[in-house]
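Contents: one structure, followed by commentary.
The values are calculated or read from the model by the stated rules, or taken from the named source; none is laboratory data. Everything quoted here is computed from the prediction, not taken from an experiment. Using ideal geometry, Cβ is built from the backbone for each residue, glycine included, and neighbour counts are taken over all protein chains shown. In case anyone asks, the SASA skips ligands and DNA or RNA and just uses the protein heavy atoms, side chains included. Shrake-Rupley method; radii C 1.70, N 1.55, O 1.52, S 1.80 Å.
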Amino acid sequence: MVAVALMTATPAAASEPSETGLTFYTDGLTTPVANFPDPDGECTALPRNATGLVAWSNVTQVVAYSASDCTGQAWNLGTLRTFEAGRFLSFEAY
């Protein structure tokens, strides 16, 4: 009886994401490391242990930089992307 209750609860929880805005993850997009609920295009430090991102709402583009002040080469990461931890130091999200 307990196993049946757990099986029916798991899919419902998985299909209703509670995230908003932009979330950075590690461990193959399974462990959230930082959430920015309403990114405004400002230069922001990217979590060094992040290995991916998901834009949940109101974000259409994420631009990452290898410099900590959003200068130099810009990489358009889109709204769903994985990458090596530490590759990018800052980002802007629109």
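Here is the figure for region 22-51: residues that are at positive phi and modelled with pLDDT of 95 or more total 1.
Within region 61-80, the set of residues being at positive phi and surrounded by 13 or more Cβ atoms within 10 Å (Cβ to Cβ) comprises CYS70, GLY78.
Does ASN58 qualify as being more than 21 Å from GLY28 (Cβ to Cβ), polar (S, T, N, Q) and open to solvent by 80 Å² or more (accessible area, probe 1.4 Å)? It would help to see each step written out before you state the result.
Numbers: more than 21 Å from GLY28 (Cβ to Cβ): yes; polar (S, T, N, Q): yes; open to solvent by 80 Å² or more (accessible area, probe 1.4 Å): yes.
Spelling it out, ASN58 is indeed more than 21 Å from GLY28 (Cβ to Cβ), polar (S, T, N, Q) and open to solvent by 80 Å² or more (accessible area, probe 1.4 Å).
I'd like to check something: does region 37-48 contain any residue that is touching a Pro at 6+ places or on another chain (Cβ under 6 Å) and open to solvent by less than 30 Å² (accessible area, probe 1.4 Å)? There is no residue in region 37-48 that is touching a Pro at 6+ places or on another chain (Cβ under 6 Å) and open to solvent by less than 30 Å² (accessible area, probe 1.4 Å).
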